[in-house]
Amino acid sequence: MNLLIINGPNLNLVGKREPSIYGTQTLSDIQEELLTLASQIGAKLNFFQSNSEGDMIDCIQKSVGSIDGILINAGAYTHTSIALRDALLAVGIPYVEIHLSNIYSREEFRQKSFLSDKALGLVCGFGPYSYQLALHAIVNALKQI
Ligand code: DQA
């Protein structure tokens, strides 16, 4: 099972960025942990991070034919980007939405996601562990499709 993990804007700064909200683990720490888990549950991971909406869309479009599922933390684009939603729907690859923080306990503008209703599911609020939960969930879900 070949999975793509997409992280959007400012997630390259996780670990330093607002640690009281996002924790102190860096994105590469999170990715290392995911690789360990992936090797235990039989998934191959491909990582992509960009601060650019267009680059994220290009990456999604290029996934057709090689990627079975996508884990995406789109950062602030979650709340703004119809284009990202359209790209995910255009390729038709099942995806799980991730957030480090619980977006529903924060500002009202974070409580709207353009991705959630079409996602297999949403994991938020567990810090870096959100990614591990989402990895378990997508592997399990894809085995049943
Ligand atoms: C985030 C939540 C978003 O609202 C925010 O813009 C981010 C990070 C999270 O992982 O909690 O950049 O996606």
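Readers should treat all values here as calculations from the given coordinates under stated rules, not as data from a laboratory. Remember, predicted model here, so these are calculated numbers, not experimental data. Every residue, glycine among them, receives a Cβ derived from its backbone with ideal geometry; neighbour counts consider all protein chains shown.
Here are a few things to note about the model shown:
- Size of the chain as Cα extents on the principal axes (Å, biggest first): 37, 33, 24
- Value of [θ]222 nm, deg cm²/dmol, for the chain, DSSP H segments ≥ 4, -39500 (n - 2.57) each, nearest 500: -11500 deg cm²/dmol
- Rounded FRET efficiency, nearest 0.05, which uses the C-beta distance separating residue 35 from residue 102 and R0 of 30 Å: 0.70
- Using the Cβ-Cβ distance between residue 17 and residue 83 with R0 set to 25 Å, the FRET efficiency from 1/(1 + (r/R0)^6) comes to roughly 0.55.
- Remark: the residue 2-residue 109 segment gains 35.2 nm on full extension, using 0.36 nm per residue and subtracting the alpha carbon distance.
- Residue pairs, from the table 16/112; 62/112; 16/62, whose Cα atoms sit over 29 Å apart: 16/62
- At R0 = 22 Å, FRET efficiency that the Cβ-Cβ distance of residue 46 and residue 141 yields, to 0.05: 0.75
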